[in-house]
Each structure stands twice: as C-alpha cells, then as structure tokens.
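Okay, structure first, notes after.
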Amino acid sequence: MTDNLAAIRIFIEIVKRGSFSDAARHMNMAASSVTRQINALEEALNARLLNRTTRQVSLTEAGQIYYTRAVNAVAEIDDMGRAISELDAQPRGALKVTAPLTFGRGYIVPRLETFFEQYPDISLELILSDQVLDLVQDGFDAAVRMAIRLPDSTFHARKLHRVTRVICASPSYLEKHGTPETPDDLKNHQCLAINFKTANELWRSVASSWQFDTAVGPVDIPVSSKFQTNSGETVLEAGICGLGIVVLPLWQVFEHIKAGRLVRLFDSEGLKFNSLEYNTFLVYPSSRYLPPKVRAFSDYLAQCLKHDFGE
C-alpha cells in the first residue's frame, strides 16, 4: 500500500473529478505524470481500474472495488498520521458544539470557566437547541444528546453518563403542605410535571404518573396539579417557588439541593422513585480520528458528570 500511496491518491482524485486532466490540475501535476502513475498502479495490480475515452473516465468492476477500499484505506492512513502528530499537542482551535437548551445553560455553561483555564487555546461556540440539529450541514464538531438510546447513524457516540431523575420540593412547600411519607400521599399534593401532550420521549414516563419500587413491588401513582408547562426549566423554578413537588434530572437540581432550596424526597432504603433512566451522549461525525479539541471537551464533560454524580 505505502509503495503505491501516491498513485492511489491520484486514482481517487481522478474518480472524484471524472477526468485525468482535472485531477492533474487540482494536484498541480503534469497530465503525463498522472497517466504514468495510473499505468504503473494498474500494472502492479495486474488489473485495469479505469475505462478511458476522449471525453470521460469510468470505473471498471475491479476499479469500483478498489476505489471503495482505497478511499477507506487512505482516510485511515491520514487519520493515523494526524493522531500521531497531535498525540502530545495542546488541544486548540475553534470548537462548535450543540446541546439541549436546559442542559447547556444549566450545567455546561457554569463549568466553562474551568474548561477554558485547562484549555486556553480552545474557543467554544455553544449552540443551544432542543431540536436535533444537523452536525454536518451546520458545521458542528460535536453534539450533546439526551436519549434513552440513540438511533442508528453514521456518527460516532460516546456515552458520558447515566441520567437519574429525582423527586424534590422546596422547604416552604413542605412546611405548608407537609412532607409525603408514602407514594400514596402524593395524591393529596401538587405534583408538577411536563404537559403530557407536549412531552417528548424523555418526559412521557413521568408526565401523568410516578412509579416507585417498594418492598411489595412496583407502585404506580397517578399525579396531577393546577399548573402544567412544556419547560423543564419552568418546572424547576416553580418547584423552588413552592408551587409543588417536582421530578427533574439530578444534574438540574443537585446544586439547589446542596444550597437548601430544594429537599430530595423518597430516597430511603425500601422505597425508591423508579424513573425511566436515559443517557447523556457526545455525538461527533464519523471519523476514526478524533481531534484533540473534541476529545478535550468530551473528557472534561465526562469528568464533571462523574465528579458530581459518581459512576
């Protein structure tokens, strides 16, 4: 492969451009040199790769097989070269990432100061949206995705952490309405939730009922309240303000629990809130080579989640 690498690159360029002369101009080579390289490659392989006419070039059957594998092989060689050359390189450059609105604003942004201290040569453009944006079309280096599982795609994904949801209420609410001791007590409380009709897959499991694991088995409790919303951030704010009991991801409420603005409920042995868990992923375009700036962001976010919430 390495002996013929230059010729293979020329062959790939000819196929992409459909012309010996166009490939020669693009690679700043003489047309005669391009022809000699391809002739030598075909002679070494003992196979004709290209059909030539005065107006166009087309692949033979052998050429089609060789082209498909050659593209992958050259990409692998280039990736290896970049990976080795940047093995000890300081991550640097412009990094463009998209993330869900609430997670980006509430969890990523408060941790960026330390990230920039560790990686001063990286600049970050963080696009927050609850829509699934197109990584390639919109020019993203990576995307943070929340999902029970990711759909099949050509992208690579790294699982950063498992998301746990918890039940909380403000001290003022509990003082006024009492602390529920059993799941059945929730029927007499305001249990704030995402509106079922607008809830996505991640919220439907807790939109109209909350499930618990008890000593006698799972218990499903229907919940309701006078207030509904389509926003997780608004549910959080309503809970802090004392409007009711909330179910939210631990990453969204743990700082409020530590500060005493919220109290975690139903966290004792023999009685556990059982919420459908989902995962935080970092998704990036399919390449065997992961740029240092993307790896740095991925590692940093994974370390933050592990530090805050454990394995």
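Here are some notes:
- The condition of being surrounded by 15 or more Cβ atoms within 10 Å (Cβ to Cβ), at pLDDT 90 or above and over 15 Å from GLY106 (Cβ atoms) does not hold for GLY260.
- Test: residue in region 73-95 that is closer than 30 Å to LEU236 by Cβ, modelled with pLDDT of 90 or more and under 24 Å from the mean Cα position of the chain (by Cα): yes
- Any hit, region 179-192, residues being modelled with pLDDT under 90 and within 30 Å of the chain's Cα centre (by Cα): yes
- THR53 vs. criteria loosely packed, with under 13 Cβ neighbours inside 10 Å, free of Cβ contacts under 8 Å to residues at least 24 places away in the same chain and within 37 Å of the chain's Cα centre (by Cα): no
- Qualifying residue in region 136-146 (condition: β-branched (Val, Ile, Thr), at pLDDT below 95 and part of a loop (DSSP other than H, G, I, E, B)): yes
- Look at (1) more than 30 Å from LEU271 (Cβ to Cβ); (2) at pLDDT 85 or above; (3) not polar (S, T, N, Q) and you find that ASP152 fails only one, number (2).
- Among residues of region 208-247, those that are assigned to a strand (DSSP E or B) and on the phi < 0 side of the Ramachandran plot, counted: 16
- Residues in region 193-220 that are of a type in the set (Val, Ile, Thr) and more than 15 Å from VAL166 (Cα to Cα) were compared, and the one that is modelled with the highest pLDDT is VAL219.
The values are calculated or read from the model by the stated rules, or taken from the named source; none is laboratory data. None of the values given here were measured: they were computed from a predicted structure. Glycine also receives a Cβ, built like all others from the backbone with ideal geometry; neighbour counts cover every protein chain displayed.
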